[in-house]
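The values are calculated or read from the model by the stated rules, or taken from the named source; none is laboratory data. Predicted model only: the values in this text are computed from it and were never measured. Reconstructed Cβ throughout: ideal geometry from the backbone, glycine too, with neighbour counts over all protein chains shown. For accessibility, only protein heavy atoms count, side chains too; no ligands or nucleic acids. Shrake-Rupley method; radii C 1.70, N 1.55, O 1.52, S 1.80 Å.
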Amino acid sequence: SGCGGEHPAQVETSPDVDGTQYLLAAEPDGVQGVIETRQAAEDSDLVVVVGRIGGSANPWVEGRAAFSIVDPALRACSDIEGDECEQPWDYCCETDRLPEATVLVKLVDASGELVAVDARELLDLEELQTVVVQGQAQRDDAGNLTILASGIHVRS
């Protein structure tokens with residue numbers, strides 16, 4: 001099983017924002033997976049969540065520092081031996097588990113505003129990278145969770 005499709009075009013931007021201010025040199029304490037965070041976090045809680053960038057064919061919010069991450073317990077198509085999926089970050093082999101294992105990350109500035117620079121350009125991120133996100137949980141009226149990130153640590 002696998003999936004196909006073309007890789008989304010990279011957005012060309014010239015950021016006026018220095019992305020290094022959002023990169024954490026060390027991984028913060030208290031890391032939880034996406035699934036656990038989705039279940040436990042209340043609105044406005046401070047959270048530290050780990051996940052891999054992905055969850056759809058295009059996990060990025062074009063032109064903004066926002067993207068989705070998936071719980072590390074789920075396997076990307078590239079983690080399945082013999083799978084030749086061209087977009088393994090869409091987790092097409094785990095679609096039934098994605099709704100409870102994915103969260104949107106929005107990198108916000110000191111005033112709480114979404115940074116208006118594409119995350120790929122700002123932080124040199126790419127699909128399937130594992131990131132640890134530190135920020136504030138935001139729940140909407142339907143209970144959906146977004147992380148308003150103040151800092152991101154990229155695992156190597």
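Just the residues that are among the hydroxyl-bearing types (Ser, Thr, Tyr) and open to solvent by less than 70 Å² (accessible area, probe 1.4 Å), please, taken from the stretch 81-97.
Tyr91
Taking the criterion of being closer than 21 Å to Ala25 by Cβ and in contact with a His (Cβ under 8 Å, 6 or more places away or on another chain), would at least one residue in the stretch 123-131 satisfy it? If you could, list the steps in order and put the result at the bottom.
Our first condition is that a residue be closer than 21 Å to Ala25 by Cβ; within the stretch 123-131, this holds for 123-126, 129-131.
The next check asks that each one be in contact with a His (Cβ under 8 Å, 6 or more places away or on another chain); those that pass are 131.
Looking through the stretch 123-131, at least one residue is closer than 21 Å to Ala25 by Cβ and in contact with a His (Cβ under 8 Å, 6 or more places away or on another chain).
Conditions (1) touching a Pro at 6+ places or on another chain (Cβ under 9 Å); (2) of a type outside the set (Gly, Ala, Ser); (3) farther than 30 Å from Asp83 by Cα, marked per residue:
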residue: Thr95; (1), (2), (3): no, yes, no
residue: Val105; (1), (2), (3): no, yes, no
residue: Ala110; (1), (2), (3): no, no, yes
residue: Leu114; (1), (2), (3): no, yes, yes
residue: Asp124; (1), (2), (3): no, yes, no
residue: Glu127; (1), (2), (3): yes, yes, no
residue: Val132; (1), (2), (3): yes, yes, no
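When only residues in the stretch 1-52 that are among the small types (Gly, Ala, Ser), within 17 Å of Ala119 (Cα to Cα) and modelled with pLDDT under 95 count, which is least open to solvent (accessible area, probe 1.4 Å)?
Gly19
Exactly one of these conditions fails for Cys85: (1) in a loop (DSSP other than H, G, I, E, B); (2) in contact (Cβ under 8 Å) with a residue 12 or more places away in the chain; (3) under 19 Å from Asp45 (Cβ atoms). Give me its number.
(3)
For Val117, are the conditions met, namely being touching a residue at least 40 places away in the same chain (Cβ under 8 Å), in a loop (DSSP other than H, G, I, E, B), open to solvent by less than 60 Å² (accessible area, probe 1.4 Å) and of a type in the set (Val, Ile, Thr)? Break it down stepwise before answering.
Values: touching a residue at least 40 places away in the same chain (Cβ under 8 Å): yes; in a loop (DSSP other than H, G, I, E, B): yes; open to solvent by less than 60 Å² (accessible area, probe 1.4 Å): yes; of a type in the set (Val, Ile, Thr): yes.
Answer is yes for this residue.
Given (1) open to solvent by less than 60 Å² (accessible area, probe 1.4 Å); (2) at negative phi, identify the lone condition not met by Glu100.
(1) is the only condition that Glu100 fails.
Can you tell me how many residues within the stretch 52-82 are over 10 Å from the mean Cα position of the chain (by Cα), among the hydrophobic types (A, V, I, L, M, F, W, C) and not in a loop (DSSP other than H, G, I, E, B)?
Final tally of qualifying residues: 1.
From Ser111, Ser150, Ser78, grab the single residue that is in contact (Cβ under 8 Å) with a residue 24 or more places away in the chain, among the hydroxyl-bearing types (Ser, Thr, Tyr) and over 24 Å from Asp29 (Cβ atoms).
Ser78
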